[in-house]
Amino acid sequence: MKSLCFSPRTASLSISRQSNSPSLSSTARRRFSQSAIEQAIDAAAAIIMKWDAETSAYAGVTSLFHESKREAMQFTKSVNELQDIMHLLVSDQDSGSEKFSQAQRLMQIAMKRLQKEFYQILSTNRADLDPESVSTRSSRTSTSMSDYDDDGLPDDEIRTAGDSITELEDVSSTAMSDLKLIADCMIASGYAKECIRVYKIIRKSIIDEGIYKLGIEKLSSSQVNKMDWDVLDLKIKNWLDAEKISLTTLFKGERILCDHVFSSSDSIKESCFAEISKEGATLLFGFPELVAKAKKSPMEKMFRVLDMYTAISEDWQEIETIFAFESVSAVRLQAINSLVRLSESVLSLLTDFESTIHKDSSKAMTPGSGLHRLTMYSMDYLTLLADYGNILTDIISDWPPPAKSSLPESFFDSPVSDVSPRPAISVRIAWLILVLLCKLDCKSKHYKDVSLSYLFLANNLQHVISRVRASNLMYLLGEEWITKHEAKVRQFAANYER
């Protein structure tokens, strides 16, 4: 049998399991229980009605949680005890009594008050509960004052900086604790829907505003295709910054806040975070896919595509952690789709680059058998590609090797051969240079003087080797490749002299 016990100072109610007391008759026990319930309802009514905005002008303009933290704690405690009383009355089949009706009315008034407090805390603390503040709060807390000593600041400035950070943390921490206290109370009382509705409205507006301020907008494929490259390039640069900020602050901070406020219910915190973040995150990770599909092929597009691929792949673990819920699987799927489209775009652009070399039909001879513009353009391109060696390795690892039938057999004494297997990226880069050298060999035949054709080949191949040595191409091609091609330079030079 459940008996009712009270704190003599606050007449608070608690339920404990005890055996029937032999010194009290059942009638006496019922009277005691009824008396205890009435006292508990009266105690709850005193503080709940004090903060009823419809009957108190003071309550209408004052925040309970801001005015008195002690009363706020007492208020939620009274609500929880009132909930216990209602459960007790229902279990005793007394739900039609006047006491139950009174408790129910008080509960409705209390929930209306808590809903208002929840809204006020979320609204008035927007700056302290912004995702950046929330996401960095823990790291700030762990920052020691020695970190400020490194900046060479005077002691008084160090103390001021430390005090300011502590103050910001305290405000943020207090607001988060108050929100959790209210959410726990409302959820336990069966008013989760009202609490969730307020949270979603306010927090989604913050995420949407953050995405907008970061310059992420809803675009269609046709809009992207119609953009001049310079305009699209600026949007890509902006996206690269926005993606990093969104993950490290915007969505991470919202996930932390949501998990904390609704820690009492996994389903609620999941549904809240999903509704708040899903639209903005899908918009963010959908942009790279639009760029990848765009019908544009300037040299610069390759490197912007690689930059976006790098950003998503490097942050993939963070994406999986933040959007781990099944309800936001669409965000993860969109990020994956963008990676796939970006990788396809890279392969297509590499094919286009090779085709550009093959199709170069200029017959103009360079004065003094100097460097051909195709040599300079191609090596500039390949040198920049080499800086993305690791990313390119991931992208082209399963790409079929190039077909050798398109080049003369005499060019296959290079490391492109299959004698010793090499990384796919090394084979592909070596192949592209081979295509370039073959094209230069064809162009050398436009010189009427054979000696000048050998000088042309020597100069251009020497430039290729120099660019390889001075860049990451050296690590992809290796010393053996350089040695073999330096021997060719000497051979061209000897033929020129002869």
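When the expected Rg is taken as 2.2 N^0.38 Å, what fraction or multiple of it is the alpha-carbon Rg of the range 361-497? Show your work: numbers first, answer last.
Numbers: Rg = 15.0 Å, N = 137, 2.2 N^0.38 = 14.3 Å.
That ratio works out to 1.05.
Remark: for residue pairs 213/269; 69/112; 213/252; 99/180, the C-alpha separation exceeds 20 Å in 213/269; 99/180. For residue 363, list the lysines whose Cα falls under 16 Å from its own Cα; do not include residues on the same chain fewer than 8 positions away. Hits, sequence-local ones excluded: 439, 443, 445, 448. Applying the criteria of a DSSP loop state and at most 11 other Cβ atoms within 10 Å to the trypsin sites (Lys or Arg not before Pro) of the range 242-304 yields 295.
A 1.4 Å probe run over the range 361-497, with the rest of the protein chains in place, finds 50 Å² accessible per residue.
Across 260, 87, the residue with the most accessible area heads the list, and the full order at a 1.4 Å probe is 87, 260.
Given Cβ point charges of +1 (Lys, Arg) and -1 (Asp, Glu) and nothing else, what value in debye, to the nearest 20, does the dipole of the range 361-497 about its Cα centre take? Numbers along the way, then the final one.
Values: 14 positive and 13 negative charges, 100 e Å.
The dipole magnitude comes to about 480 debye.
Nonpolar atom fraction for the range 361-497, defined as the carbon and sulfur part of the 1.4 Å probe accessible area, stands at 56 percent.
In the context of the full set of protein chains, residues of the range 263-303 present 39 Å² of accessible surface per residue (probe radius 1.4 Å, heavy atoms only).
Quick one: with all protein chains in place, what share of the accessible area of the range 199-359 is carbon or sulfur, to the nearest percent (1.4 Å probe)?
On the way: 3640 of 7040 Å².
Its accessible area is 52 percent carbon and sulfur atoms.
The values are calculated or read from the model by the stated rules, or taken from the named source; none is laboratory data. Values in this document were obtained by computation on a predicted structure and should not be read as measured data. No Cβ is skipped: glycine too gets one built from the backbone with ideal geometry, and neighbour counts run over all protein chains shown. Accessible surface is based on the protein model in full, side chains and every heavy atom, while ligands, DNA and RNA are left aside. Shrake-Rupley method; radii C 1.70, N 1.55, O 1.52, S 1.80 Å.
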